[in-house]
Amino acid sequence: MSRRRTLGTKKKIALLVSAATVAGGGVFVMASTSNATPPAPKSAAESTACLGLATALGNNEKFIADQQANPDAQSEARIANRQAVIEEIRRKQEASGCAVGESAQDSQAAQPSQPAQGGQQGGGAQPSQPAQSAPAENPGGGAAASGQQVCNGSTVTLSGEDGAPAASSNQFPAGTKLKVTNLDNNKSTTVEVTSVSGSCVLLNNAAFEQVREPGKFLIRRAVIEKVG
């Protein structure tokens, strides 16, 4: 009888130890889960970069939709080109830690710091360059009359296309020269429209590189002028 009681006691102890081990493991797992570090929020620069890429993607998607709705003899080639651009933008979104495939349309938010209307620009905030001059940083100081300001309030992003500096537009025909000034760093570039897009002006990669701020894919404060 006593031997049976002893064995029964050992079994009880073993069961208690096993239960404690399982419970401890559960506590450890819960503690490990609760201590997991949440992803760090994006910085302002990263958010701007993601917004710029999303806008570029949205503009290209809109362009494709417009071409599909109103096709012509060149639509198939244009669509194939823009689909390749979209894939490149998605790769940039992934590399920048942005949501891949996120898109947005070009913003037309008001820019209170810009002159009110087209024609001549007032004040010395917008230094001018000759229409044929090479893209350069404008240090300030006035000169000849500037072009006609257009697309008031438009932001500027990139089309994602390669090649020599150029622009695309849904308002100006091929051959039109547009000057884009980034008010945040006072850099300007004058480029020729070479293709159609889904917004007032999209700069290709080379042109956008000349006026961008490091790490940004969107120019919020821009002045766009038709020159020449």
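No value in this document is a laboratory result; all are computed from the given coordinates. Here the structure is a predicted model, which means the values were calculated and not measured. Here the Cβ is made from the backbone with ideal geometry for all residues, glycine too, and neighbour counts use every protein chain on show.
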> What area, in nm² and to one decimal, does the C-alpha convex hull of region 180-228 cast on average over all directions?
Replying inline: 3.6 nm²
>> Modelling each spin label as a point 7 Å along the Cα-to-Cβ direction, I'd like the R221/E87 distance in nm, to one decimal.
In response: 3.9 nm
>> Please compute the modelled spin-label separation between A95 and A69, points set 7 Å along Cα→Cβ, answer in nm with one decimal.
In response: 3.3 nm
> Where does each of 200-210, 180-190 land if you order them by average Cβ count within 10 Å, highest first?
Replying inline: 200-210, 180-190
>> Can you compute the FRET efficiency between A77 and Q148 using 1/(1 + (r/R0)^6), with r the Cβ-Cβ distance and R0 = 30 Å? Round to the nearest 0.05.
In response: 0.40
> Relative to the present Cα-Cα distance, how much length would full extension add between E192 and A164 at 0.36 nm per residue of separation?
Replying inline: 9.1 nm
